[in-house]
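Below: one structure, written as structure tokens.
The values are calculated or read from the model by the stated rules, or taken from the named source; none is laboratory data. Owing to the predicted nature of the structure, the values given are computational and were not obtained by experimental measurement. Quick reminder, even Gly has a Cβ in these numbers, built from the backbone with ideal geometry, and neighbours come from all protein chains shown.
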Amino acid sequence: MISQFAPLRTTNAENLKRAAVGIILVAADDGSGETAFLLTVRSAKLRAHAGQYALPGGRSDLGEDALDTVIRECSEEIAIELSPDHALGTLDIYPTQSGYAITPVVFAITKDQDLCPNPNEVDQVFRIKLSDLSGERSAQFFSENEGGPCLLRFPIFDHYIHAPTAAILYQFIEFVAGRHQRVDDLSAPDFARR
């Protein structure tokens with residue numbers, strides 16, 4: 001049970017800007033009955049991380065905790081309404097190379113809601129089945145430079161999901177499989193830090 005997961009708190013989190021993302025579990029939209037999660041493509045208009053795959057979420061406002069941040073951001077980005085009752089728990093805080101400490105919050109919603117991307121923040125939103133990140137589409141580990149940091153990506157469509165999103169999803173998928181995998185040592189490629 002994810003509520004019993006003991007999230008790892010990064011030692012330098014107090015020196016980083018706080019952010020939160022949601023792993024929003026929903027029914028797949030293909031009639032398979034499988035569980036999916038919501039994945040967005042960030043607007044090409046954004047200054048940072050434009051056009052990248054991301055989980056819904058963002059920087060925490062003053063006085064917000066991770067739960068509040070994800071609820072607000074999901075409403076703003078894709079017009080879905082979450083409540084604290086939908087929250088299942090949190091995963092490890094993920095420190096990014098761009099200066100954020102991201103807290104992933106897992107939510108499950110059973111009532112289907114229309115997804116309406118805010119064009120100022122999100123170009124597209126997808127329901128990705130958890131099973132789509134297994135087999136040929138499972139996690140790929142690599143390094144940009146010999147001896148460099150370990151990077152992680154998931155193939156998706158004709159592109160890749162990179163860390164931090166890939167690292168957070170990897171930890172969740174491992175958790176679902178009954179394995180506790182820490183991911184704070186997995187880095188993002190240079191282009192994904194911008």
### Query
For the stretch 86-107, how many residues are surrounded by 15 or more Cβ atoms within 10 Å (Cβ to Cβ) and not in a loop (DSSP other than H, G, I, E, B)?
14
## Note on the structure
Going through the stretch 40-85 in order, the residues found to be in a strand (DSSP E or B) and either modelled with pLDDT of 95 or more or of a type outside the set (A, V, I, L, M, F, W, C) (or both) are 40, 42, 53, 57, 58, 59
## Note on the structure
All conditions in (1) at pLDDT 85 or above; (2) more than 21 Å from residue 151 (Cα to Cα); (3) surrounded by 12 or more Cβ atoms within 10 Å (Cβ to Cβ) are true of residue 23 except (2)
### Residues within the stretch 116-158 that are within 22 Å of residue 73 (Cβ to Cβ), charged (D, E, K, R) and under 16 Å from the mean Cα position of the chain (by Cα), tallied
2
### Answer residue from the stretch 159-181, given it is in a loop (DSSP other than H, G, I, E, B) and under 15 Å from the mean Cα position of the chain (by Cα) and is farthest from residue 59 (Cα to Cα) among those
163
### Message
Among the residues that make up the stretch 62-85, is at least one of them more than 16 Å from residue 23 (Cα to Cα) and either of a type in the set (Val, Ile, Thr) or surrounded by 15 or more Cβ atoms within 10 Å (Cβ to Cβ) (or both)?
### Response
yes
### Task
Working carefully through the options 76, 81, 64, find the one that is over 14 Å from the mean Cα position of the chain (by Cα), charged (D, E, K, R) and under 19 Å from residue 15 (Cα atoms).
64
### Task
Output yes when any residue across the stretch 142-152 is crowded, with 18+ Cβ neighbours inside 10 Å and either under 22 Å from residue 96 (Cβ atoms) or at pLDDT below 90 (or both), and no when none is.
yes
### Message
Go through (1) buried (at least 18 other Cβ atoms within 10 Å of the Cβ); (2) outside any strand (DSSP E or B) for residue 110 and report which single condition fails.
### Response
(1)
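Condition check ((1) out of contact with any Pro (no Cβ under 6 Å at 6 or more places or on another chain); (2) more than 21 Å from residue 128 (Cβ to Cβ)) across all residues:
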| position | (1), (2) |
| --- | --- |
| 53 | yes, no |
| 61 | yes, yes |
| 69 | yes, yes |
| 84 | yes, yes |
| 88 | yes, no |
| 91 | no, no |
| 95 | yes, yes |
### Task
Evaluate the stretch 127-140: report whether one residue or more is modelled with pLDDT of 90 or more, buried (at least 21 other Cβ atoms within 10 Å of the Cβ), assigned to a strand (DSSP E or B) and out of contact with any Phe, Trp or Tyr (no Cβ under 7 Å at 6 or more places or on another chain).
no
### Task
Keeping to the stretch 143-158, report how many residues are charged (D, E, K, R), assigned to a loop (DSSP other than H, G, I, E, B) and in contact with a strand residue (DSSP E or B) (Cβ under 9 Å, 6 or more places away or on another chain).
1
### Message
Just to verify a result, which residue in the stretch 113-126, among those that are among the acidic types (Asp, Glu) and part of a loop (DSSP other than H, G, I, E, B), is farthest from residue 80 (Cα to Cα)?
### Response
121
### Of all residues making up the stretch 109-132, the number that are touching a helix residue (DSSP H, G or I) at 6+ places or on another chain (Cβ under 6 Å) and either farther than 27 Å from residue 89 by Cβ or of a type outside the set (Val, Ile, Thr) (or both)
4
